[in-house]
Amino acid sequence: MKLRPTRRALFFAAVAFLVLAGPLSVALWRLFPSLVTLLSSDTTKATGTSPEPIEPLEGPWIVALQPGHWRIEDLPDELSHRRGDTGAVYGDVREADINRAVAEALVPKLEAEGWRVVMVPATVPPDLRADVFLSIHADGSERPDRRGWKLSPPWRPSAAARSLTDSLRRSFSAEPGLVEDRDGVTIYMRGYFGFNYRRYLHAISPYTPASLIELGFVTNPQDRRLLTGDLDFWAGIVMRGLKDYFSDRKREYVEDLRPMDLRWVAAGPDGAILRRKPNETAEAVLSVDAGTVLIPVDRSGEWYEVFLRHYRRTVWVTENEVVVVSDRRPTAPRQPAANLRAAVELSLLHRHVLHDTPVRHVTKAGLMGYLPERRPSSNMAEMFSGETSGCRL
Ligand SMILES: [Zn+2]
């Protein structure tokens, strides 16, 4: 394909940058020593050619249930900024109570199958291994018409985490009275702190298949009626999803537990179009210049799901429009002792590499679609009878 002069110049600049990345990192070292540490050593060590073996668990299936926001005030210092996140509220209806009640309704059903249940507070025991980890939540919105359930596996999910989420999705979808909150999954759900073993000590093991469930909206009348009604209704849905998941699981399938290994990519010589969904006809959210670094969090066929923090959502780009950037992978070392340092390094990396990368040609309509929910007009606010707040995920 013939390149226009400006594009060609940009492309060569991007290539030059990549070639010079090594020497440049030496120069950057004086300014950002921890950034360089991450680029030059830990990531390659953690993802070398011989990955560490995964020990299978033993005994009955272990299901770890986390009622969202339960004992959130006890979070350790590394998560002190989340201690006030007590969950969505609508008048007297508190998300935290619903989460707890649904989790407790699940316990006898799980035990009846002979499975082991572990109830986990907001503070996840470091490196928690289980056959399944479910974090149960309900949402809130300032728009009372917003309703529906949604599910999220962690970023860069293992095959097992994806399968778990798919099984749960089939079970929720089979309920005629429920709707899915399509496009409602936020980066905060995908990067939920309990899943985030790269950043926090108090997080699940990378080898624990996990899913975050938002049952519905306490701020929506229809959802609220169901959420404050029969608990067995919700426990039954989750239970059917788990049985479906375990029906074709075996403990020896340890490789399914390994998180997806994704390398960083950058927009190719013609730039790249970032779309809302992984197909060519999906809405284009924005386009980025050649060389713009994108951090993948998932893959679907020929499409990468990439992280764009400004938009609170992830977006999709086809592999035809990007090039793989070196061997860099966004997977930090998994040894708990290294996690905190890696977190600092990763956030530096985001700030200097991703956030300072110019993003151009943003259409107003596309941008608006990805802005956080706006506060309602005063008329809309009057529709509420009680104090409301959202589940900040
Ligand atoms: Zn919540």
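The numbers here are math on the coordinates, done by the rules we state, and not lab data. Treat the numbers as computed from the prediction; the structure is a model and nothing was measured. Note: ideal-geometry Cβ built from the backbone for every residue, glycine included; neighbour counts use all protein chains shown.
Overview of results
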read-out	value
Under 5 Å, built H, 5+ apart or other chain: amide partners of Val306	Val297, Val315, Trp316, Val317
Distant-in-sequence amide H partners of Gly216 (H built 1.01 Å from N, under 5 Å)	Asp139
About the Cα centre, charge dipole magnitude for segment 97-138 (Lys/Arg +1, Asp/Glu -1 at Cβ), debye	20 debye
Net charge contributed by nearby residues that have their C-beta within less than 11 Å of Ile213 (K/R +1, D/E -1)	0
Extended-chain gain in nm, criterion 0.36 nm per residue less alpha-carbon gap, Ala112 and Asp244	45.9 nm
DSSP-assigned coil residues among chymotrypsin sites (Phe, Trp or Tyr not before Pro) in segment 190-291, each with at most 14 further Cβ atoms within 10 Å	Tyr253
From phi via Karplus (6.51, -1.76, 1.60), per-residue ³J(HN,Hα) for segment 150-157 in Hz, x at Gly/Pro	7, 10, 9, x, x, 4, 6, x
Charge sum, other residues only, whose C-beta stays under 13 Å from Trp303's C-beta, Lys/Arg counted +1 and Asp/Glu -1	-2
When the convex hull of its Cα atoms is projected in every direction, mean area for segment 62-257 (nm²)	10.3 nm²
Cβ-placed point charges (K, R +1; D, E -1), dipole of segment 62-257 about Cα centre in debye, nearest 20	340 debye
Length added when fully stretched, Tyr253-Asp74, from 0.36 nm per residue minus Cα-Cα	60.9 nm
Phe233-Met119 FRET efficiency (beta carbon distance; Förster radius 22 Å; 0.05 resolution)	0.60
